[in-house]
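So the structure is just underneath, and the comments pick up after that.
The values are calculated or read from the model by the stated rules, or taken from the named source; none is laboratory data. Here the structure is a predicted model, which is why all the values come from computation and not from measurement. Here the Cβ positions follow ideal geometry from the backbone for every residue, glycine too, while neighbour counts run over all protein chains shown. Areas reflect the complete protein model, heavy atoms only, side chains present, ligands, DNA and RNA absent. Shrake-Rupley method; radii C 1.70, N 1.55, O 1.52, S 1.80 Å.
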Amino acid sequence: MRDTIRSMTLEELTAALGDMGEPAFRGKQVFAWLSRGVRSFDEMSDLSKALREKLAGRYRLEGPRAVRRQSSREDGTVKYLWELQDGNCIETVLMRYRHGNTVCVSTQVGCRMGCAFCASTLGGKVRDLTPGEILEQVIFTQADSGVPVSNIVLMGIGEPMDNLDSVLRFLELVNHPLGLNIGMRHISLSTCGVIPGIRRLAELELQLTLSVSLHAPDSETRSRIMPVNRAYDVDELFAACHDYFKRTGRRISFEYAMIDGVNDADWQADLIAQKLRGMPGHVNLIPLNDVAESPLKPSRRTRRFQQRLESRGVTATVRRSLGGDIDASCGQLRRKAMENGGEQT
Ligand code: SAH
């Protein structure tokens, strides 16, 4: 299967068009068209017919097909199930926040990280997404919904650090002034704690927000619910986070899904505060989304845990849950589609 042309950088596109005998500005022209949601080269009205045909013979740009759209009646959240060229499905969520319209993109088809509470990982990883496939989620969510996107979170299906080359190229593409021009400060990348990826990202000193899915501050609990902890222990993870902050000056956001009787004890709040000392971290407490296949249940101690963290000097917020009526937490819609054999409901 050929990859989408949207994986190409401006430089690559300009060089390829140069090889076809086109002047240098043609690269910019085509690159700009690619972010506007066109699905065929014929829509690039300021290119000659001959060039459009030549491009169509070499490249693909039709983008993913929306097989399902679910809109929340409560808060305007829209969840898309997209079918990719090879028939695989991924999810993208559009969320309307006061600070901007945010798209949550997937980075892989499935996930191999195995977190016990997460629906995305239940069937393992099928494949990585290409940079253009990640970008197309933003472009076509914007085109389909008519809602201009200002923020991006890499928090959909998949582990961004397990597909970091593609993710970095996606960031370059989406950030480009001739593309969607979304600033790094409007982008968050979430990882379950793949330390080499965090270290590599630190070296790039990008102005994006790093989110770390912590979910437990102690090795024993974390290894139980997040197998990644057996390879990258939470104490090394905290050390990598401290280094990341020193290098980039960017505050890290820690995701913490509150699970009944597992990670919601007072001593665990105290341990978080202790491990974060010296770094202005922000803990985002998430009410656990009940995944049917998992025995883990939502905690009822969230407020108390938040107060405990705050009393120890850690900024903690409780995430407002959007799209609860539409299976908006990632992985759930794709699983349902797989169970139904992909038929539309
Ligand atoms: N692989 C990356 C990004 C995708 S998951 C990561 O792990 O960070 C996005 C966030 O949703 C992560 O913080 C993840 O731990 C969390 N999450 C997954 N399943 C959840 C559930 N059932 N309830 C609450 N949060 C969940």
Give all pairs with beta carbons closer than 7 Å in which a residue from the stretch 131-151 that is free of Cβ contacts under 8 Å to residues at least 60 places away in the same chain meets a residue that is open to solvent by 40 Å² or more (accessible area, probe 1.4 Å) and polar (S, T, N, Q); count only pairs at least 6 apart in sequence or on separate chains. Pro148/Gln142; Val149/Gln142
Give the stretch 158-203 a look and list any residue that's open to solvent by less than 10 Å² (accessible area, probe 1.4 Å), β-branched (Val, Ile, Thr) and within 16 Å of the ligand (Cβ to nearest atom), or say none. Val167, Ile187, Thr191, Ile198
Kindly establish whether Gly57 is modelled with pLDDT under 95 and open to solvent by 10 Å² or more (accessible area, probe 1.4 Å). no
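Specify which of the listed residues (Arg320, Arg312) is open to solvent by 30 Å² or more (accessible area, probe 1.4 Å), farther than 14 Å from Ala265 by Cα, modelled with pLDDT under 95 and charged (D, E, K, R).
Arg320
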Which count do you get for residues in the stretch 37-54 that are touching a residue at least 12 places away in the same chain (Cβ under 8 Å), open to solvent by 50 Å² or more (accessible area, probe 1.4 Å) and under 18 Å from Asp144 (Cα atoms)? 1
Run down Arg251, Arg247 and say which single residue is at pLDDT 95 or above, among the charged types (D, E, K, R), open to solvent by 40 Å² or more (accessible area, probe 1.4 Å) and assigned to a loop (DSSP other than H, G, I, E, B). Arg251
If only one of Asp270, Asp218 is away from the ligand (no atom under 16 Å from the Cβ), of a type in the set (D, E, K, R), surrounded by 15 or more Cβ atoms within 10 Å (Cβ to Cβ) and closer than 17 Å to Thr302 by Cβ, which one is it? Asp270
Can you find a residue in the stretch 84-104 that is more than 13 Å from the ligand (Cβ to nearest atom), under 19 Å from Ile5 (Cβ atoms), open to solvent by 50 Å² or more (accessible area, probe 1.4 Å) and more than 13 Å from the chain's Cα centre (by Cα)? yes
Scanning the stretch 138-157 residue by residue, those within 11 Å of the ligand (Cβ to nearest atom), open to solvent by 20 Å² or more (accessible area, probe 1.4 Å) and in a loop (DSSP other than H, G, I, E, B) turn out to be Met155
